[in-house]
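See below for the structure under consideration.
Values in this text are rule-based calculations from the coordinates and carry no lab data. Please read all numbers here as calculations on a predicted model, not as lab measurements. Heads up, the Cβs are rebuilt from the backbone with ideal geometry, glycines too, and the neighbour counts pull from every protein chain shown.
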Amino acid sequence: MELIVQGIKKAFELIVSFDPEVMGITWLSLKVSGTATLISLFIGVSIGTAVALTNFRGKRLVISLINTGMGLPPVVVGLFVTIMIWRNGPLGFMEILYTPYAMIIAQAIIATPIVMGISLVAIQNLPPNLRLQILSLGASRSQMVWVLIKEARLPLLAAVMAGFGGVISEVGASIMVGGNIKGYSRVLTTATVMETGKGNFDVAIALGIILLLLAFLVNFLLTQIQQRQHPR
Amino acid sequence: MKSETLIKIENIIVQRGGATVLDISEFHVQSGSIMALIGPNGAGKSTLLLTLAGLLRPQRGQIYFQGQSVDTHAGRTILRRNAAVVFQEPLLLSSSVYDNIALGLKFRRLRHDDIRKNVQEALDYFGISSLAKRSAKTLSGGEAKRVSLARAFAIKPRLILLDEAFNSLDPPTRETLIEDLRHILEETKITAVLALHDREETLRLAQDVAVMSGGKIIQSGTTSQIFNQPDSEFVANFVGTETILEGTVKRSNAGLMEISVAGKNIEAVGDFLPGQNVYCCLRPENIIVSKKIPEKISARNVFEAKVQKIIRHGFFYKLMLDCGFTLVAYITMPSCEDLGICEGSTIAASFKATAVHVMRRE
């Protein structure tokens with residue numbers, strides 16, 4: 001009990017005093033996961049929409065693959081990215097192993113199928129005649145796609161939330177490709193793992209609370225956008 | 001006055017999943033006319049509408065819009081920009097009513113002022129100005145239908161294609177919408193093709209009719225041709241379940257009219273002025289059949305009738321009666337036997353003045 005009370009006290013101290021190290025870690029977490037989510041948003045929404053709107057052989061197989069990808073284990077992604085960017089790996093020349101860039105790549109790989117899978121369902125769930133209705137009002141193909149994406153904005157924002165939630169809380173891949181280097185590639189999750197391992201429960205609890213707050217704030221903002229009322 | 005052909009299709013074949021869903025050798029719509037497509041579900045009405053809108057590419061055949069082939073990309077774009085489809089479902093976007101109606105105009109990148117002007121005009125046409133700022137998702141079925149119609153009219157199309165526009169609306173809402181649409185089509189002179197399944201809607205809105213079945217057009221012509229001279233049993237059965245008589249109002253007094261039909265007088269409720277040409281519509285279930293002309297009867301219309309034909313119709317017999325005009329009546333099988341009715345026998349047919357539905361005939 002003592003441990004927890006102590007931890008919470010310490011946590012508030014760290015948060016209220018804007019401890020520079022903790023702030024740095026928080027900021028990096030937000031930057032890495034935010035960037036990864038943005039990348040996954042572009043790739044996921046465009047491919048998800050394209051798959052939803054076209055008919056081709058093997059469409060079901062592709063959808064199954066995307067759905068499988070939604071549950072991609074972060075450590076497997078971490079392993080794969082590490083191999084690719086290893087000094088002798090195919091992308092070794094980029095020299096990005098143990099950098100925040102590597103973490104962004106790994107997290108984008110984790111978030112993209114999540115965003116893609118939800119976007120696909122979101123677009124597929126629109127009324128089947130809506131496409132024809134929009135085209136018959138004179139839309140070009142790109143105008144039609146844009147209207148459909150706007151129409152599916154609620155589930156698409158849910159996709160963003162799910163993607164961001166997946167990567168901000170992810171630790172396996174970040175620690176493998178980022179290396180948890182102090183002041184450089186240390187993020188909230190990797191720091192929490194390390195502090196817990198060292199027995200510094202107070203710091204670990206503080207980082208945990210910040211992580212929760214961060215996830216809450218981002219989702220709160222997105223929910224505000226999602227649930228914004230239309231004029232009546 | 002001979003009007004030009006707005007759209008014409010030739011030798012069209014549309015296949016879906018190996019089955020032919022549309023097979024039309026020739027079909028055209030005159031500029032400014034209102035054409036009804038009628039037929040049972042699955043007859044190919046919606047497919048024909050999509051083909052006419054340029055939204056569905058037939059496997060075979062030619063489409064000409066304003067005399068030009070729609071085979072090229074440019075031709076198809078011209079057709080798509082000039083034709084607007086209104087589907088059965090309103091298919092409104094989750095934004096305001098105003099934004100929904102402005103949609104097609106925004107696609108055309110019109111200037112802001114022009115968009116506002118056109119949207120306001122469309123709102124006024126359909127009497128929904130007060131809804132402009134409402135969210136489209138909060139509308140009632142009838143309101144949503146009006147918005148989706150207004151959205152199509154706002155782009156000022158040359159050709160408007162309506163798929164079962166009045167389905168799933170309650171009768172009063174439907175009634176006023178049909179009347180408004182008739183006025184709007186009359187005023188705007190926009191060519192329209194309407195998929196309908198109701199004979200009364202067809203008579204009220206269209207001048208021309210094409211009867212469809214199994215992906216084919218089996219008869220087309222003016223409404224009067226189709227309803228009065230069906231050239232096949234299918235068409236007769238499809239359009240002939242009710243009696244529709246052409247007549248002229250002779251007298252009209254305090255809501256009761258006397259209408260002259262084929263030299264006989266029919267009393268009906270309504271207040272058209274004398275001299276007005278009308279249709280008298282009678283549903284077969286409202287016709288009472290008896291052996292002799294009854295002495296005391298509340299029905300105002302009693303006629304001696306000769307049984308021309310007896311057709312078995314489920315648990316009923318359908319009687320084609322000749323009272324100087326043709327009347328269709330239903331009778332249950334037991335009462336038919338009780339009355340000893342057979343083809344050629346003379347009976348009495350009566351109906352109330354309130355059972356006659358009177359429609360304006362131009």
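Based on Cα coordinates alone, diagonalise the gyration tensor for segment B:318-362, multiply each eigenvalue by 5, take square roots, and list the semi-axes in whole Å, largest first.
Working: eigenvalues 124, 31, 16 Å².
Working through the eigenvalues yields semi-axes of 25, 12, 9 Å.
Under 8 Å for C-alpha pairs, at least 6 residues apart: give me the relative contact order for segment B:219-362, rounded to a whole percent.
Numbers: 303 pairs, mean separation 37.3, N = 144.
Contact order relative to length: 26 percent.
With N as its number of residues, the protein assembly as shown has a Cα radius of gyration that, divided by 2.2 N^0.38 Å, comes to 1.39. Placing unit charges on each Cβ (+1 for Lys and Arg, -1 for Asp and Glu) gives segment A:2-228 a dipole about its Cα centre, and among A:ASN125, A:MET103, A:GLY44 the Cα reaching farthest toward its positive end belongs to A:ASN125.
Relative contact order for chain B: 15 percent, from Cα pairs under 8 Å spaced at least 6 residues apart, divided by residue count.
If you line up the long axis of helix A:59-69 against the longest principal axis of chain A, both from Cα atoms, how many degrees apart are they, to the nearest 10? Rounded to the nearest ten degrees, it is 10. Take every Cα pair under 8 Å whose residues are at least 6 apart in sequence, average their separation, divide by the length of segment A:2-228, and the relative contact order is 32 percent. Taking amide hydrogens as placed 1.01 Å from N in the peptide plane, the amide H of B:GLN15 sits under 5 Å from those of B:VAL21, B:GLN59, each at least 5 positions away in sequence or on another chain.
Straight Cα distances below 18 angstrom link B:LYS309 to the lysines B:LYS291, B:LYS318, with same-chain residues fewer than 8 positions distant left out.
How do the peptides A:206-214, B:154-162, B:140-148 rank, highest first, by the average count of neighbouring beta carbon atoms within 10 Å per residue?
Working: A:206-214: 18.9, B:154-162: 23.6, B:140-148: 20.8.
Order by mean packing, descending: B:154-162, B:140-148, A:206-214.
The residues packed around A:GLY138, meaning those with a beta-carbon under 9 Å from its beta-carbon, carry a net charge of +3 if Lys and Arg are +1 and Asp and Glu are -1. Normalised by 2.2 N^0.38 Å, where N is the number of residues, the C-alpha radius of gyration of chain B stands at 1.13.
The mean count of C-beta atoms from other chains within 10 Å of the C-beta of residues in B:147-155, rounded to a whole number, is 1. Note on A:133-146: average number of Cβ atoms from other chains within 10 Å of each residue's Cβ is 6. Most tightly packed first, judged by the mean number of other beta-carbon atoms within 10 Å of their residues, the peptides A:141-149, B:210-218, B:334-342 read B:210-218, A:141-149, B:334-342. Listed by chain and number, the lysines whose C-alpha is less than 25 Å from the C-alpha of B:LYS216, apart from same-chain residues fewer than 8 away, are B:LYS8, B:LYS45.
Any chance you could list the semi-axes, whole Å, largest first, of the equivalent ellipsoid that the Cα gyration tensor gives for segment B:179-285, using √(5λ)? Don't skip to the end; give the middle numbers.
Values: eigenvalues 151, 73, 23 Å².
Each semi-axis is the square root of five times an eigenvalue, giving 27, 19, 11 Å.
Here B:LYS106 is the anchor, and the aspartates and glutamates within straight C-alpha reach of less than 14 Å, apart from those fewer than 8 places off in the same chain, are B:ASP114.
Rounded to the nearest 20, the Cβ-based charge dipole of chain A about its Cα centre (Lys and Arg +1, Asp and Glu -1) stands at 940 debye. Rounded, prolate or oblate, given the Cα gyration tensor of segment A:128-232, with a/c below 1.5 counting as rounded? It is prolate, given that a/c is not under 1.5 and a/b is the larger ratio. Remark: mean inter-chain Cβ contacts per residue of B:103-110 equal 4, using a 10 Å Cβ-Cβ cutoff to other protein chain atoms.
Rounded if a/c is under 1.5, else prolate if a/b beats b/c, else oblate: with a ≥ b ≥ c from the C-alpha gyration tensor eigenvalues square-rooted, which is chain A? Judged from the Cα gyration tensor, chain A comes out oblate (a/c at least 1.5, b/c at or above a/b).
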